[in-house]
1. Considering only residues that are part of a loop (DSSP other than H, G, I, E, B) and touching a Ser or Thr at 6+ places or on another chain (Cβ under 6 Å), look in the range B:336-346 and name the one that is surrounded by the fewest Cβ atoms within 10 Å (Cβ to Cβ).
2. Take the range B:194-236 and flag every residue that is under 23 Å from the mean Cα position of the chain (by Cα) and under 22 Å from B:Pro527 (Cβ atoms).
3. Can you tell me which of B:Gly880, B:Gly904 is at pLDDT below 85 and assigned to a strand (DSSP E or B)?
4. Can you tell me which residue in the range A:209-260 is surrounded by the fewest Cβ atoms within 10 Å (Cβ to Cβ), limited to those that are part of a loop (DSSP other than H, G, I, E, B), at the interface with another protein chain (Cβ under 8 Å from one of its Cβ atoms) and touching a residue at least 24 places away in the same chain (Cβ under 8 Å)?
5. Could you list, in sequence order, all residues of the range B:883-901 that are at pLDDT 80 or above, among the polar types (S, T, N, Q) and not in a strand (DSSP E or B)?
6. Within the set of pairs 6 or more residues apart or between chains, which connect a residue that is within 18 Å of B:Ile914 (Cβ to Cβ) inside the range B:374-386 to a residue that is crowded, with 21+ Cβ neighbours inside 10 Å and polar (S, T, N, Q) with Cβ atoms less than 7 Å apart?
7. Say we look at the range B:554-596 and pick out the residues that are among the basic types (Lys, Arg) and more than 30 Å from B:Phe537 (Cβ to Cβ); which of these is surrounded by the most Cβ atoms within 10 Å (Cβ to Cβ)?
8. Among the strands (runs of 3 or more DSSP E) contained in the range B:405-519, which hold 1 or more residues that are closer than 30 Å to B:Thr918 by Cα, of a type in the set (D, E, K, R) and touching a His at 6+ places or on another chain (Cβ under 6 Å)?
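The values are calculated or read from the model by the stated rules, or taken from the named source; none is laboratory data. Here the structure is a predicted model, which is why all the values come from computation and not from measurement. With ideal geometry, Cβ positions are generated from the backbone for all residues, glycine too; neighbour counts draw on all protein chains shown.
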Amino acid sequence: MKKILLYSLLILSAGILLNACKDVYKPQAISTPNRYLVVEGFINGTDSTFFRLSRSRNIGDTGAVKYETAAQVSIEGSNGGSFSMTNKGSGLYALGVSPFDFSSKYRLRIKTGGKEYLSEYVVLKKSPPIDSVSYSANSDGVRIYVTSHDPAGATRYYKWDYVETWEYTSLASSSFMYTTAVVPRPDPNEFYRCWRTDRSSTINLATSNGLATDIAYKAPLQYIDGTSFKVSIRYSILVNQTVLTEDAFNYWSTLKKTSESLGSIFDPQPSQLKSNIACITTPNEPVIGYVSGSTNVQKRIFINKADLPNYRPIEYALCIIDSFFFTIPGTPPIPPGRDNDTAARMKSYFQGNSNIILSDFYFGSNPKPAGYLYSSKDCMDCREKGGVTQKPAFW
Amino acid sequence: MKYSFILTMLLFSLAITTHSYAQQNKTVSLELNDARFDQFVQAIEKQTGYHFYYDTKRMDSASITIHVQAKPLTDVLKAVFANTRFQYAISGESIFVTSQYTIQTSLTPGFFGKQAATPDAEEPEHVAGNAAANKRNAKTVSAEENKLYEIGQRDDRKGGTATVAGYIRDGKNGEPVIGATIYNDATKAGVATDQYGYFSMTLPRGRHILQINSVGMNSTKRQIALFNDGKLNIEMFEYVPSLKTVVVSTEKAANIRSANMGMQKLNIKTMKQVPALLGEVDVLRVVMALPGVTSVGESSTGLNVRGGSADQNLILFSDATVYNPSHFFGFFSAFNPDAVKDVELYKSSIPERFGGRLSSVLDISTREGNKKKLAGSGGIGPLTGRLTLEGPIDSGRTSFIIGGRTTYANWLLKNIPNKEYSNSKASFYDIDGHISHQINAKNNLYFNGYYSNDHFQLNGDTSYQYSNQNVNVKWKHIFSNKLYGTVVAGLDRYQYKIGSNANEVNAYKFGFDINQTFLKLDVNYSPNNKHLIKAGFSTIYYKLNPGTRQADGDKSQVVYKKVQAEQGLESALYVGDQYSITPDFVVNGGIRLSMFNAMGPKTVYDYIPGQPRETYTIIDTTNYAGGKIMKTYMAPELRLSARYSLSSSASIKVGYNSLRQYIHMLSNTTAISPTDIWKLSDINIKPQSGDQFSLGFYKNFHYNTIETSVEVYYKRIRNFLDYKSGASLVLNDHIETDVVNAKGKAYGVEVMLKKTAGKLNGWISYAYSRTLLKTDDPLVKDPVNRGDYYPADFDKPHSVNFIGNYKFSHRFSVSLNILYSTGRPITLPVAEYYLNGSYRAYYSDRNQFRIPDYFRTDFSVNIEGNHKVKKLAHSSWTAGLFNVTGRRNPYSVYFTSENGAIKGYKLSIFGSVIPFITYNFKF
């Protein structure tokens, strides 16, 4: 007994030492009147080029991103030539495939709000193909990696983003629906199966600096926990690769360090980022973002549940399937004329799809159904989980 | 008026000079109403220059009312002591207040005769009645105290001066007593022992009484008849409190007397009382509780002294420079408490023998080991265990001490049922050994060695390993009583390795090391009591390997890369004199001429003059051959201080110091981490320099058991290294393109109240301090915060520390720490923006906000075994609670983008109460 006590004390001490505590921290409200211009995108050497312009906002502001909708955006070449971009709304500016010259440099010019912004000239780098997008799965989850290399050794700095799509179902299909009364649902699978698509929200980088070959080997992209919905049926990831110059890489890696840090005690201090875009009207005005020139290459893989360990998604773990009885068991049958009560109850339960019926159920040999099994909309309508019922074309 | 019984001083047989009677009729004027006895004493002492010896405890209930004008002293004393049981005797300028018997102040017949009486013959009869000394030592101590020691060859010379010198040692184990004071009341001369327990004192020829005091030791005294230069070795005994001890303090406390300011000395006993994290006595964490010392966070043992950065402290462990003084991510200090004797922190007046760092010197001295018998000590705590052995090697001339510590964290981690922990590794150990050998009375040799090693790996990813390795040998030679010197030569090495093989293609090993070879010569010369001259020379040869990266495994594509090694020679020549113009006014002036040679072989980049140093302003490279001097920096450093005594218990001090530093730590994390790189000054990196003005007022109360001080300082730092945004420091061949020069200023006030004796002891301190930095490099395009002053990471304006220990009995004591400080500055985001799929934070000016204030309370209970002096093994238990209030003191505040939104987090290292229990033993 004494031994056990001592032992637990030791474990406790070690545990406490390593178990640093993390609490949510809300600093005092800091508001600045400044709304800095945010420029996102790259000059695509071989395909359509998109830039999205927005404005920064105060910490804790809610609502949609404040897009910069009325700007004039153009791309200028160092050897002359200017391509003006089309305003597509929502801050998006586009330029179709254009005759860019890979031996010259380009820059971005933005005129908006009475001010003019200009980027430095950037080279157009060519991205090598993605060698593979691979994954490794263990009992906890799946880790997804990307591998690329450039035999010419000209790439060195890689950046990826990705689009994930996954197939999933709701808790069960639905055989009945409520219109003015409960009627059979024409398509029981109306919102049973969905596909959800998410874009990456992290900065994914790798460099082959310091390696003998220009290779990014198994750079980690994403980790999916085994309990996640993403791997419940089928999962797909589309990886986009662009390549960077050293300066651009430094910009993105600094941004990653200061905005995605895990708060370890050895983390660097936040520092200011040096954009390659400047406001030429007000030279001290900070601009956020970094303009690069690159081509974009893609690769997609699929991961089926069958290829993975037996994971148990917890998405519907809290769903309850409940019973709606036409007659409350153990009470006498409802006299004719009082059926309205049942109708009223049905209306309050099922109108507006707040609860969705799985099916009816029966008691013993009684051929008449005794009631319906139902669950909440959150569990029964797959669209509630952010997906669409339309199967994607690539699926 | 109630008088209680009086007990006398330890000393009964008194040295009397023949002219003593002539001075007895000084006159005094007193206007006292119900005055305490000590007020009466002070008044007389002030008017006559006489000194009273009496038992404070017996006199504290006395009250005196007297009104006299210009009456002879003897009449006044007669009047005061009439009809009491007290008697007084005047001898020279000393007044002894006794009861029961009158002190015999007449000469022993034949004292100056040809056949001198043996000292023993002078021993007064009533020695046996002396209850003050420890029972164990009563006889010997009394005998030694009452014996007359003849110093030097007896001859007929009269007048002039002679020098007495020798060692003060602990009578129990033969170790030197450092910082003991030797004081002669008659001449008001005082000296202190150095780190070897050595002292040298020049006095007029004739008979003297030397009072010897040291913290934690029983005060003693020696009677000497000084004929010529000679030796006197003194043994002191540890203060083992017995129940009816009367301690009479005549010490003029060192804090008042020394001309040094901003110096704090802590002995290991004090440090062991302070509640420590997991019961592991931590030298550095106790130092952090001193005013003027802060650190960026709890897991960091990087000290920030008076606004200096962590690399600006010279940490010496028995002359060895320790570059990483911590274990286990900085949770524990790297020093074995059983080997440590005491710690001196110099934060203002840095003695001229030290140099090379801007802020402070932390001089950790180790014990020499028991010279009399084999002994050992150790402890077992929740995470660590330690064992130390010490003893004589031969007949008391040679002693050794060897100690080691290790952790069983690896074993614990494996047993934690959590993958993240069981895949982690954390281990450390340290070993230190010291041998001291006395060749003969004039020559001593000391060997010191230290080795520490840390290895940790978090959750199977990157592994870190680092190690300090030090060895040195010191020779001390005494030329004469007035002159001695030491020579020390040694090697210091610090290295670390980082590696990861999680990804087979990127698997790498990275290594870094600093090697220094040093030679130091120090000479102390005390021609007389007015001057103490110190001079010396030191040289350090540095060789740094700033980084080597290589592949780990066959599949790794990592290319071997080695940043060029750096070589440098740092030399210094110094001389200083402590000049006592009068006993009340002492000045200390020193100059240290320091020089640094950056040496080849190296290839150095040349930049366009007057342009920012960027990779695109590189115009050429210059090759320097091995041993060739690339650049020399040389400048004098001034070390000036002065002390003026306002009274025997108060003084005022002023100081000015300038320092230079040629080796810099490059780190862009807030804490000291095992990935920091050190860099020597070279053509492109200038040395850091700094200076400090300070002023202090010191006052002691209650017989020097309560020390108070107020110190103010103003400090300037130049060519401090700061980093550009996104600087890359690892494997960078041209670090000068990633750093910028900054300047700093620091100023503050430190107030301290310290109680050094009694049941309750400890200190309470308050410090107001600011540290501001400014990027003033004209070649920098975007200076931090537009080139304005901004608070440094460790700028914590207010801090209040309470460190206390209360002894309920000799076996049971409790300790309490209460620490408060303003939260350190941080950079908070001022806006957010959407980029690359997520909202991200926009940070503006650096360090404009603060994390919440820091507050921590620790508590511990110390239970000693019984106090039989002769016992096989002594054991003690320490149990306590670290962070009693469980407050989650934020170590850092950070913002991270999670799932597209910004989340703010507060990270605290110790988020709850941490209980601990440690078993310590000694045999």
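1. First pass over the range B:336-346, keeping only residues part of a loop (DSSP other than H, G, I, E, B): B:336-339.
Now drop any that are not touching a Ser or Thr at 6+ places or on another chain (Cβ under 6 Å), which leaves B:338-339.
Values: B:Asp338: 26, B:Ala339: 30.
Going through the qualifying residues, I end up with B:Asp338.
2. So in the range B:194-236, the residues under 23 Å from the mean Cα position of the chain (by Cα) come out as B:194-200, B:212-219, B:236.
Listed by number, the residues that qualify are B:Asp194, B:Gln195, B:Tyr196, B:Gly197, B:Tyr198, B:Phe199, B:Ser200.
3. B:Gly904
4. Filtering the range A:209-260 down to residues part of a loop (DSSP other than H, G, I, E, B) leaves A:209-210, A:212-214, A:226-228, A:232-233, A:244-245, A:260.
Next, from what is left, pick out any that are at the interface with another protein chain (Cβ under 8 Å from one of its Cβ atoms): A:210, A:212-213, A:260.
With touching a residue at least 24 places away in the same chain (Cβ under 8 Å) added as a condition, the list becomes A:213, A:260.
Values: A:Thr213: 13, A:Glu260: 16.
The selected residue is A:Thr213.
5. Residues satisfying the conditions are B:Asn883, B:Thr885, B:Asn889.
6. So the pair list comes out as B:Gly379/B:Thr918; B:Gly379/B:Asn920; B:Ile380/B:Thr918; B:Gly381/B:Thr918; B:Pro382/A:Ser13; B:Leu383/A:Ser13; B:Leu383/B:Thr407; B:Thr384/B:Thr407.
7. First, the residues of the range B:554-596 that are among the basic types (Lys, Arg): B:555, B:561-562, B:592.
This time we only want the ones that are more than 30 Å from B:Phe537 (Cβ to Cβ), so: B:555, B:561-562.
Details: B:Lys555: 13, B:Lys561: 15, B:Lys562: 13.
Checked the range B:554-596; the qualifying residue surrounded by the most Cβ atoms within 10 Å (Cβ to Cβ) is B:Lys561.
8. On the way: elements: B:425-440, B:443-457, B:463-480, B:483-500.
Passing ranges, in order: B:443-457.
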